Amino acid sequence: MEKVLVLIVGAGPSDLAVAACLSELSIPYCIIEREDCSASLWRKRTYDRLKLHLAKEFCELPHMSYPSDTPTSIPKEQFVRYVDAYVDHFNIFPKYSTSVESCKYDEVSNCWDVMAHDKVTGLEIEYTTRFLVVATGENSEGIIPEIPGLHDFPGEVIHSSSYKSWNNYVGKGVLVVGCGNSGMEIAYDLASHGVETSVVIRSPLHVMTKGLINLGMKLFNWRLPLKFVDFILVTFANIRFGDLSKYGIVRPNMGPLLLKAKTGRSAVIDVGTIELIKKGFIKVLCPISRIRGNSVEFGDAKECSYDSIVFATGHKSTANTWLKNGESMLNNNGMPKREFPNHWKGENGLYCVGLAMKGLAGISHDAKSVAADIKSIVDSMGPF
């Protein structure tokens, strides 16, 4: 059994940010990660052409800026290098290949009892910790919806987290299901290289440019009213893209930044997808009703055949699969019960980081808040 003051579960950007903030306050911690590397989502489960959607000034982790020569829009490989430099700079040593099996709070010891599995040695490890930081991410597991006939589809079916590049789809017909940033960018990656591509758009969405989103972030940081900033963004977006409803793309009633704040749904940052839709290189289709063999039937009675289906249909948190007694902080979906910025603290020394659907900027806020709160409690309590 290992007795630790702070146990951080995960080694993604959220976890590393907490570790760095605790180090700055001279608070000892232990960090465990089920994968064999840090930032495994970025290294293993993202497509090749991915870049950060926001400008670099909104994507820094606490206490360390990007190098001066870093481009405004950061490719994923460069972000991973930044993460590696961050780990080295703050002397963070995660225990990799260590998966949490269960965790519960002990009312007698006033500590969290954590059972973990070392996937290399096969040994079970027990941790006792005063403070538990849940930072396993809102993207722990990809979601593929239940669709009649999907299990009998003879072609390839993958989640977008397994998609890498158009190279694997030359000469094929591909259906991308989902119209968030991943779905729309994957559709562009395919169609721009000659792959026959269709995309299912299931709900209203805002389409923006990176420049517009960065403008919106700056205006909001200048304390302008959110609805006014949204009005500016939508006005410029309409000028840039025109009326997209005739292409099957309808804007939500709520503005893009307000929608993000209220629901966590991000605007789609266009990388060229809209132009390909307008030119007919990407077909826009309504939701799927059922699948028969390799033929997909849609809600408007259209029917098309495909070789592959890519589901860009979101992710979910898996924290509730191992965390017990976390109901003071997390709902049944493993997400915070309270709204940002008051979401990060539960009872009995329980915290979460990176679950507020606020991206890297939200991670920095969470990590600083959690570390400061732990510091204030540690300063007032006796020896652990």
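Points worth noting:
- Averaging the Cα positions of each part gives two centres, and for segment 36-51 and segment 188-233 these lie 22 Å apart.
- Only helices enter this figure: runs of n ≥ 4 DSSP H residues, each worth -39500 (n - 2.57), summed and divided by the residues of the chain, yield -8500 deg cm²/dmol at 222 nm to the nearest 500.
- Low-density loop cleavage sites - GluC sites (Glu not before Pro) in segment 73-151, where at most 16 other Cβ are within 10 Å (DSSP): Glu107, Glu146
- Using C-alpha pairs under 8 Å with a sequence gap of at least 6, the mean separation divided by the residue count of the chain gives a relative contact order of 22 percent.
- Over the Cα atoms of the chain, the radius of gyration divided by the Kirkwood radius equals 0.99; this is the Rg/Rh ratio.
- Averaging Cα coordinates gives a centre for segment 74-119 and one for segment 273-338; these two points are 29 Å apart.
- Shape of segment 142-311, Cα gyration tensor, a/c cut at 1.5: prolate
- Note on the chain: GNM, Cα springs under 10 Å; of Val310, Val284, Val170, the largest mean-square fluctuation is that of Val170.
- Spherically averaged projected area in nm², based on the convex hull that wraps the Cα atoms of segment 194-234: 4.3
- Largest to smallest in accessible area, the residues Phe281, Phe93 fall in the order Phe93, Phe281 (1.4 Å probe, all protein chains included).
- Ratio of the Cα radius of gyration of segment 210-274 to 2.2 N^0.38 Å, where N counts its residues: 1.09
- Exposed-site-free run, longest, the chain (rule: trypsin sites (Lys or Arg not before Pro); DSSP loop; at most 10 other C-beta within 10 Å): 1-222
The values are calculated or read from the model by the stated rules, or taken from the named source; none is laboratory data. Keep in mind it's a predicted model, so treat the numbers as computed, not measured. Quick reminder, even Gly has a Cβ in these numbers, built from the backbone with ideal geometry, and neighbours come from all protein chains shown. We work out accessible area using only protein heavy atoms, side chains counted, and drop any ligands, DNA or RNA first. Shrake-Rupley method; radii C 1.70, N 1.55, O 1.52, S 1.80 Å.
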